[in-house]
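So the structure is just underneath, and the comments pick up after that.
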Amino acid sequence: MSYTVGGDEMIKPVLFVLIPFLLFSQDDMYVNDAKKYVSLLSSEEFKGRGYVQGGHLKAASFIKDEIAGIGLEKISGSRSQEFEVEINALESEPRLSINAVSLRLGLDYVPHELSASGDISSDDILSVEHGLYIPMAGINQYQQSPRGKIVIIDNDLPKEIKKNKQTGRYASEITRIKIARQLGARAVILLQDRLIFGAPYTRLDIPVFRVKKSSLPRPLKNIELEIETDIDDYDTQNVFGLLKGHAVPDSIIMLTAHYDHLGALGDSIYFPGANDNASGVALVLSLAKYFKRNPSKYSLLFVFFSGEEAGLVGSKYFQEHPRISLDKVKFLINFDMAASAENGIMAVGGKDFPAYFNKLKAINDSLAMGKLGRRKNAANSDHYFFIKNGMKGFYLFTKDGKQPYHHINDTYETLEWDDFSHLFKLARIFLREI
């Protein structure tokens with residue numbers, strides 16, 4: 001049904017009102033689709049999108065089906081690029097008890113991602129403050145020999161130690177663990193206010209566990225631990241699809257997100273990875289849907305990387321073995337953690353490319369979206385090797401110090417969808433204007 005509204009003078013104001021309404025209604029539609037993506041990808045069915053239980057393969061298959069359904073084109077007849085990743089894999093569910101009390105896996109403790117195997121019961125325990133041993137700075141927190149003992153290290157370092165040029169390089173977590181091993185420790189317990197589980201990209205030669213400080217019984221009388229790990233190689237893949245531009249198809253914008261996460265700790269505990277990075281995958285898929293319906297003048301290459309949690313392996317492989325000419329890429333935006341912005345949005349690369357950042361900031365300010373910060377390029381997600389090798393781009397992520405990170409509580413229920421919607425709008429408009 002149509003209506004005649006008295007002439008152009010009356011039609012224009014109606015369009016002026018309707019067009020923004022329709023755009024924002026469209027955004028709601030894409031955000032609702034994104035919610036379904038995140039809910040599924042962070043579910044138990046995908047087992048943390050890790051390697052040992054095959055969750056990464058299930059996620060890759062799902063993404064390939066989605067981009068095919070959206071209508072993205074293959075590149076050289078393919079939607080994927082295979083490569084190999086090396087992982088320090090848990091062979092069975094670990095166990096830790098202190099003073100004969102079994103601690104809860106994922107809540108009270110997690111194994112260190114680089115832990116060696118071990119089966120130890122000992123009442124020979126030594127606390128060494130932060131585990132610092134820096135003779136040149138006159139620092140030695142080992143007042144007794146740790147030989148044959150389980151060493152307890154407070155892993156929450158003071159800022160003055162981290163930032164001090166003389167001590168900082170010797171104060172890294174791995175360095176302190178290696179020092180304990182070199183001094184003869186049998187195992188290491190790292191005490192932390194917040195539990196995290198990192199990238200299992202290599203293997204140390206000593207058993208290591210992370211324990212939440214509030215879960216540690218006192219006094220320490222006995223520790224029993226059991227863990228079995230092994231370095232294994234896994235075949236995985238990057239997934240991609242192309243939308244050709246309607247005006248300048250030989251100029252490409254890359255939109256990327258990693259789909260892998262930390263997998264599971266045995267059979268009962270898995271890392272959902274809702275914010276990290278099911279949210280980024282959902283945002284890129286939602287942008288693919290939007291630009292399929294609202295074509296861009298530039299071609300858009302959508303890439304979903306694996307191996308990010310193992311040390312940016314997939315993005316490095318793609319940068320070294322590109323399926324397109326990277327010289328044609330006008331700009332890259334990487335999304336990693338897109339749905340929790342209590343402290344605003346950060347643009348890594350914003351200091352490297354100020355003209356692009358100023359455009360992004362102008363859009364952000366016009367939409368009253370809150371804080372937008374910027375940093376120089378850093379090796380903290382899949383943008384890194386591309387920008388390092390001369391590509392212009394940003395890594396956009398939402399900042400929130402309270403959001404669970406590399407933790408079993410990074411679930412769908414913890415996400416802030418208004419923040420996700422803001423980032424989607426910011427990216428959608430920015431991609432139109434660059």
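Are there any strands (runs of 3 or more DSSP E) wholly within the range 334-410 with 3 or more residues that are under 15 Å from THR256 (Cα atoms) and modelled with pLDDT of 95 or more, and if so which? Lay out the reasoning, then the answer.
Numbers: elements: 345-348, 372-375, 393-398.
By residue number, 393-398.
Please specify each residue of the range 321-351 satisfying the condition of being surrounded by fewer than 22 Cβ atoms within 10 Å (Cβ to Cβ) and touching a residue at least 40 places away in the same chain (Cβ under 8 Å).
We begin by selecting, within the range 321-351, every residue surrounded by fewer than 22 Cβ atoms within 10 Å (Cβ to Cβ); these are 321-331, 342-344, 346, 351.
Across the range 321-351, the qualifying residues are HIS321, ARG323, ILE324, LEU326, LYS328, VAL329, LYS330, PHE331, GLU342, ASN343, GLY344, MET346.
Within the range 350-392, the set of residues being touching a Phe, Trp or Tyr at 6+ places or on another chain (Cβ under 6 Å) and of a type outside the set (Lys, Arg) comprises GLY350, LEU360, ILE363, SER381, ASP382, HIS383.
Which members of the range 398-413 meet the condition of being within 12 Å of ASN277 (Cα to Cα) and either out of contact with any Ser or Thr (no Cβ under 7 Å at 6 or more places or on another chain) or surrounded by fewer than 20 Cβ atoms within 10 Å (Cβ to Cβ) (or both)? TYR405, HIS406, ASP410, THR411, TYR412, listed by residue number. Put simply, of ARG95, ARG49, ARG79 the only residue that is on the phi > 0 side of the Ramachandran plot and either over 20 Å from the mean Cα position of the chain (by Cα) or crowded, with 17+ Cβ neighbours inside 10 Å (or both) is ARG49.
Within the range 92-109, the residues that satisfy the criterion of being in a strand (DSSP E or B), touching a residue at least 60 places away in the same chain (Cβ under 8 Å) and not charged (D, E, K, R) are LEU96, SER97, ILE98, VAL101, LEU105, TYR109.
When LYS425 is tested against (1) outside any strand (DSSP E or B); (2) under 27 Å from LEU107 (Cα atoms); (3) at pLDDT 95 or above, just one condition goes unmet, and that condition is (2).
None of VAL188, VAL211, VAL239 is of a type in the set (A, V, I, L, M), touching a helix residue (DSSP H, G or I) at 6+ places or on another chain (Cβ under 7 Å), touching a residue at least 24 places away in the same chain (Cβ under 8 Å) and farther than 30 Å from LEU301 by Cα except VAL188.
In contact with a helix residue (DSSP H, G or I) (Cβ under 7 Å, 6 or more places away or on another chain) and either of a type outside the set (Ser, Thr, Tyr) or part of a helix (DSSP H, G or I) (or both) - does that describe any residue in the range 119-126? There is no residue in the range 119-126 that is in contact with a helix residue (DSSP H, G or I) (Cβ under 7 Å, 6 or more places away or on another chain) and either of a type outside the set (Ser, Thr, Tyr) or part of a helix (DSSP H, G or I) (or both).
Where in the range 206-269 are there strands (runs of 3 or more DSSP E), lying wholly inside it, with at least 1 residues that are more than 23 Å from VAL110 (Cβ to Cβ), at pLDDT 95 or above and under 23 Å from the mean Cα position of the chain (by Cα)?
Values: elements: 208-212, 223-227, 229-243, 248-258.
Qualifying strands (runs of 3 or more DSSP E): 229-243, 248-258.
Select from the range 214-236 the residues that are among the hydroxyl-bearing types (Ser, Thr, Tyr) and in contact (Cβ under 8 Å) with a residue 60 or more places away in the chain and write down the one among them that is surrounded by the fewest Cβ atoms within 10 Å (Cβ to Cβ). If you could, list the steps in order and put the result at the bottom.
Initially, the range 214-236 is screened for residues among the hydroxyl-bearing types (Ser, Thr, Tyr), giving 214-215, 229, 234, 236.
Applying the additional criterion that residues be in contact (Cβ under 8 Å) with a residue 60 or more places away in the chain yields 215, 229, 234, 236.
Details: SER215: 15, THR229: 24, TYR234: 19, THR236: 26.
Ranking the candidates gives SER215 first.
All conditions but one from (1) out of contact with any strand residue (DSSP E or B) (no Cβ under 6 Å at 6 or more places or on another chain); (2) in a loop (DSSP other than H, G, I, E, B) apply to TYR170; the one that does not is (1). All conditions but one from (1) assigned by TED's automatic domain parsing to the domain that holds LEU265; (2) surrounded by fewer than 22 Cβ atoms within 10 Å (Cβ to Cβ); (3) within 24 Å of the chain's Cα centre (by Cα); (4) of a type outside the set (Asp, Glu) apply to LEU107; the one that does not is (1). Restricting to the range 165-206, count the residues that are surrounded by 21 or more Cβ atoms within 10 Å (Cβ to Cβ) and of a type in the set (D, E, K, R). Within the range 165-206, residues that are surrounded by 21 or more Cβ atoms within 10 Å (Cβ to Cβ) and of a type in the set (D, E, K, R) number 1. Annotation: of all residues in the range 131-156 being part of a loop (DSSP other than H, G, I, E, B) and over 27 Å from SER102 (Cβ atoms), the one that is nearest to the chain's Cα centre (by Cα) is LEU132. Residues that are small (Gly, Ala, Ser), surrounded by 17 or more Cβ atoms within 10 Å (Cβ to Cβ) and in contact (Cβ under 8 Å) with a residue 24 or more places away in the chain do occur in the range 129-143.
The values are calculated or read from the model by the stated rules, or taken from the named source; none is laboratory data. Source: prediction; values computed, not measured. Backbone-built Cβ (ideal geometry, glycine too); neighbour counts: all protein chains shown.
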